[in-house]
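The values are calculated or read from the model by the stated rules, or taken from the named source; none is laboratory data. Small disclaimer: the values here were computed from a predicted structure and weren't measured. Cβ coordinates were reconstructed from backbone atoms using ideal geometry, including for glycine residues, and neighbour counts include every protein chain displayed. Accessible surface areas use protein heavy atoms only, side chains included; no ligands, DNA or RNA. Shrake-Rupley method; radii C 1.70, N 1.55, O 1.52, S 1.80 Å.
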Amino acid sequence: PNVLITIDVETSIGGAFAYPDHLRPVGAEKRIFGNINGTEYGIPLIMDILDRHDLKGTFFVEPLCSYYFGETMVKEVCHRILERGHD
């Protein structure tokens, strides 16, 4: 049987709706790319693992975060997924 590997790709509001004076949404660097001290543990790592095993993933990118982070960020996320040959 075929197996479809899917990954939800989302930023986080991080409590900003409830506490807009104190909290801000969490963007792609942390929530999508998983950047910690210059190393990416998010979707780049997932794609590395998939590539290592000759697999392709389908990444569901949530576009409404462009309201907070802009279209450029969403386009960058999609571009990085597509340039690696994933959906």
Return the total of residues in region 31-73 being in contact with a strand residue (DSSP E or B) (Cβ under 8 Å, 6 or more places away or on another chain) and not in a loop (DSSP other than H, G, I, E, B). 10
Quick check on my filter: what residues within region 35-73 are over 17 Å from Val3 (Cα atoms) and touching an Asp or Glu at 6+ places or on another chain (Cβ under 6 Å)? Asn35, Glu62
Those residues of region 1-44 that are open to solvent by less than 100 Å² (accessible area, probe 1.4 Å) and either among the aliphatic types (A, V, I, L, M) or out of contact with any Lys or Arg (no Cβ under 6 Å at 6 or more places or on another chain) (or both) come to a total of 28
